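What follows is one structure encoded as structure tokens, with my remarks underneath.
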Amino acid sequence: MRFLHRTTSAVPEKEKYFVAKPHELMWWKYKKHKLAVVALSVIVLMYLLAALAEPLAPYNPEVRHLRHLYAPPQGIHFWYDGSYHLWPAVCKLKFQIDPETLREIYYEDPSEFYSVRLFHRGERYRMWGLFETDIHVLGTDSGGTIFLFGTDGMGRDLLSRIIYGSRVSLSIGFIGVFMSFLLGIILGGISGYFGGVPDLIIQRIIEVLRSIPSIPLWMGLSAALPMTWSPLKVYFGITLILSFLGWTGTARAVRGKLLALREEDFAMAAYLAGASNARIIRKHLLPSFLSHIIVSITLHIPGMILGETALSYLGLGLRPPIISWGVLLKECQNIQDVAFHPWLLLPVLFLMFIILSFNFMGDGLRDAADPYASRVA
Amino acid sequence: MISYIIRRILYMIPTLIIISMVSFFIIQLPPGDYLTTKIAQLEAQDELVNRDLIDALREEYGLDKPLYVQYAKWMWNVLQGDFGYSWEWNKPVVDVIGEQILLTAVVSLASLLLVYLIAIPIGIYSATHQYSAGDHALTFLGFLGLTTPNFLLAIVLLYAGYAFFDKSFIGLFSPEFENAPWSFAKVLDMLTHMWIPVIVISVSSVAGYIRVMRANLLDELKKQYVVTARAKGLSERRLLLKYPVRMAINPMISGLSVLLPHLVSGATITAVVLSLPTTGPMLLGALRSQDVYLSGAFILLLSTLTVISTLLSDLLLAWVDPRIRFE
């Protein structure tokens, strides 16, 4: 009886593996890559940050706090009013003018403090353009300020600007990758499945595009975007420019996979059974390499995010009033300025986090993409 | 081998033609006829317009003719070494860009060398000591390098130099050599300044190549021939360097065709941040002021240089890997 019990508990474990659907196998394999799981949650959090920018940002990113130009990040204190408190507070930020350099020197005045408020009523805004509200997740009472990341030269709250900037910076990668994905899968598909002259031509074009240094070319193309364009148009212009070089990698991956797969027995069987080309590609070939393609495009997202940042940093990409991480970093061009106001470099941290996460996620996905590759059982 | 070389060189020709078309496209992008805008701009500033020069240029570039004629004229001039006229500098483009292109090539090649010199040994170490503390540490550093885009690294480095060391990392020469003619002392001075941009430019590629080398070598180490060689009593060091490393290096050499454009591209933007006297700042300036012949020439020359080096890398690969010849 005991023996029987042991086998029944062992068999379902194994059976679970054999009857598992591909996506379940992928998920199991992905979960083994601990860093990739962490990375995935960071990415999800970042995108949530972008989606819920309005309530999450303590301030409107465009509002200038004229009495707080280049204010340093404010600390959150538990020790105030002469004793230890369970609820944090921020101190009043005051400044005096340095008699020598005439710079404003900010200091926290511990005698005047304001409690940190959660779900606090602050500036009014329209949530997703749908309804009006004034709830901010983080805030403090009027009279006090909560600039956790400091302010920029115009007195705008940097944290709020970073949160709003993530909308553009994070979405440009996705839209760019989606466009290059479409181009890549169509051109790569033609190239790989039909071969011959179209293959030769497409391969040549890919080779040429890959041999052009991307940043000079991006610079050249984006410098030609008319200054009169609306922010939205510039945004799509930049996305197009970024995907102009991005599709080649996907096309290569699609072609390589198609070349290998069309020789497989199941493709031949489908062909003999009278399936049309389109059907073979769509029903038999595409599903078996889609996961690889998704991996390859995931690894392209960081490049696109960085491309936008680089172009905006140079002043050739997005321009204010659009807020993106690149636009924020443009303030760091004058290094003497940065030496006095190092918090302006904070967007770099966000950039590194998201890029690191995408890389780890891609790593995990690559392992998980082919769940049948090496059987654990 | 010779037929392979000839075939590769012939392959290069269409590539170069398409690159020249892309560069010409960039010259054409700004709206309107370039000279007309320039004249309007000059007249608005009440500056004296040299009509004769403008008419001569209009004639030379065939600006009143259809596009393909303009392209052909421009190409014909380029082939004779005339890249057009730079308005910003009031000089022929060739006189403006010569030194910049050369310095870009020097900086990029130095970075390339550094990538291989660092990535291959570390990759070998990581693969042979898989999952050891050293491997984990190097992998982590590698990922950090991979995710820090070089221009951000340059900004952070500049900041650190300024804030902590009270030293400026800007430029490629000491002030006294800035405008000095080339001499041995100037070259030495450049070498002492060059290591910072070179490190900044190569860091992300080093990180990527450590990963590639590690993965390639790990694949090779699992193969039968390694087991066989070990069974035959070959010393571990000789076994490693003679067979698997040689195999694992091949994809890295063929990866040169991707690496080099990447380095040149990184060099361009790093140069802007660190104000190096290479192509970056000047290209940016040319693009901003729509000095189209200058920017077109930069893009054309940078791309051509990468294509030529890619050719060299292919030949190198054919020389290193005997199997290529049967293709």
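Since A:Ala260 meets every condition but one in (1) more than 14 Å from chain B (Cβ to nearest Cβ); (2) at pLDDT 80 or above, which condition does it not meet?
Result: A:Ala260 fails condition (2) only.
Could you name every one of the helices (runs of 4 or more DSSP H) located completely within the stretch A:277-377 that has at least 3 residues being without any contact (Cβ under 8 Å) to a residue 60 or more places away in the chain, small (Gly, Ala, Ser) and crowded, with 21+ Cβ neighbours inside 10 Å? Working first, answer last.
Values: elements: A:286-298, A:301-314, A:325-329, A:335-340, A:346-369.
Passing ranges: none, list empty.
Do you know which of the residues in the stretch A:185-220 that are among the hydroxyl-bearing types (Ser, Thr, Tyr) and more than 30 Å from the chain's Cα centre (by Cα) is modelled with the lowest pLDDT?
In the first step, residues of the stretch A:185-220 are kept if they are among the hydroxyl-bearing types (Ser, Thr, Tyr); the result is A:191, A:193, A:211, A:214.
The next check asks that each one be more than 30 Å from the chain's Cα centre (by Cα); those that pass are A:191, A:193.
Values: A:Ser191: 83, A:Tyr193: 77.
Residue satisfying both the conditions and the ranking: A:Tyr193.
Looking at A:Pro72, A:Pro88, which is the one that is within 29 Å of the chain's Cα centre (by Cα) and within 22 Å of A:Gly143 (Cβ to Cβ)?
Numbers: A:Pro88 fails: within 29 Å of the chain's Cα centre (by Cα).
When all the criteria are applied, what remains is A:Pro72.
The rows are residues; the columns are (1) surrounded by fewer than 15 Cβ atoms within 10 Å (Cβ to Cβ); (2) away from chain A (no Cβ under 14 Å); (3) farther than 21 Å from B:Val273 by Cα.
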position: B:Ala72; (1), (2), (3): yes, yes, yes
position: B:Lys91; (1), (2), (3): yes, yes, yes
position: B:Gln100; (1), (2), (3): no, no, no
position: B:Ile118; (1), (2), (3): no, yes, yes
position: B:Ala137; (1), (2), (3): yes, yes, yes
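Checking A:Phe340 against (1) touching a helix residue (DSSP H, G or I) at 6+ places or on another chain (Cβ under 8 Å); (2) within 11 Å of chain B (Cβ to nearest Cβ), only one condition comes out false. Which one?
Unmet for A:Phe340, out of (1) touching a helix residue (DSSP H, G or I) at 6+ places or on another chain (Cβ under 8 Å); (2) within 11 Å of chain B (Cβ to nearest Cβ): (1).
Can we say B:Leu234 is more than 9 Å from chain A (Cβ to nearest Cβ), assigned to a helix (DSSP H, G or I) and either among the acidic types (Asp, Glu) or surrounded by fewer than 24 Cβ atoms within 10 Å (Cβ to Cβ) (or both)?
Spelling it out, it is not the case that B:Leu234 is more than 9 Å from chain A (Cβ to nearest Cβ), assigned to a helix (DSSP H, G or I) and either among the acidic types (Asp, Glu) or surrounded by fewer than 24 Cβ atoms within 10 Å (Cβ to Cβ) (or both).
Name the pairs: first residue in the stretch A:22-36 and closer than 22 Å to A:Ser288 by Cβ, second residue β-branched (Val, Ile, Thr) and assigned to a helix (DSSP H, G or I), Cβ to Cβ under 8 Å, at least 6 apart or on different chains?
Every condition considered, the pairs that remain are A:Tyr30/A:Val37.
Does A:Lys233 count as basic (Lys, Arg), within 26 Å of the chain's Cα centre (by Cα) and on the phi < 0 side of the Ramachandran plot? Before you say what the answer is, go through the steps one by one.
Values: basic (Lys, Arg): yes; within 26 Å of the chain's Cα centre (by Cα): yes; on the phi < 0 side of the Ramachandran plot: yes.
Yes, satisfied.
Return only the number of the condition from (1) surrounded by 15 or more Cβ atoms within 10 Å (Cβ to Cβ); (2) modelled with pLDDT of 80 or more that A:Met268 does not satisfy.
(1)
Mind checking which residues of the stretch A:191-224 are over 26 Å from B:Thr310 (Cβ atoms) and free of Cβ contacts under 8 Å to residues at least 40 places away in the same chain?
A:Phe194, A:Ala224, listed by residue number.
When you scan the stretch A:132-242 for helices (runs of 4 or more DSSP H) that lie fully inside it, which ones turn up with 1 or more residues that are within 14 Å of another protein chain (Cβ to nearest Cβ) and either farther than 30 Å from B:Leu260 by Cα or among the hydrophobic types (A, V, I, L, M, F, W, C) (or both)? It would help to see each step written out before you state the result.
Numbers: elements: A:158-194, A:196-211, A:214-223.
Where helices (runs of 4 or more DSSP H) fall fully within the stretch A:132-242 and carry at least 1 residues being within 14 Å of another protein chain (Cβ to nearest Cβ) and either farther than 30 Å from B:Leu260 by Cα or among the hydrophobic types (A, V, I, L, M, F, W, C) (or both), they are A:196-211, A:214-223.
When only residues in the stretch B:1-32 that are surrounded by 15 or more Cβ atoms within 10 Å (Cβ to Cβ) and more than 30 Å from B:Leu317 (Cβ to Cβ) count, which is modelled with the lowest pLDDT?
Residue satisfying both the conditions and the ranking: B:Pro30.
Got at least one residue in the stretch B:193-208 being away from every other protein chain (no Cβ under 11 Å), closer than 26 Å to A:Arg366 by Cβ, of a type in the set (A, V, I, L, M) and part of a helix (DSSP H, G or I)?
If we filter the stretch B:193-208 for residues that are away from every other protein chain (no Cβ under 11 Å), which is where we start, we get B:193-203, B:205-206.
Adding the requirement that they be closer than 26 Å to A:Arg366 by Cβ leaves B:202-203, B:205-206.
With the extra rule that they be of a type in the set (A, V, I, L, M), the set shrinks to B:203, B:206.
Then drop every residue that is not part of a helix (DSSP H, G or I), which leaves B:203, B:206.
Yes - at least one qualifying residue is present in the stretch B:193-208.
The values are calculated or read from the model by the stated rules, or taken from the named source; none is laboratory data. Bear in mind that the values here come from a model prediction, so they are computed numbers and not experimental data. Positions of Cβ are generated from backbone atoms using ideal geometry, with glycine treated the same way; all protein chains shown enter the neighbour counts.
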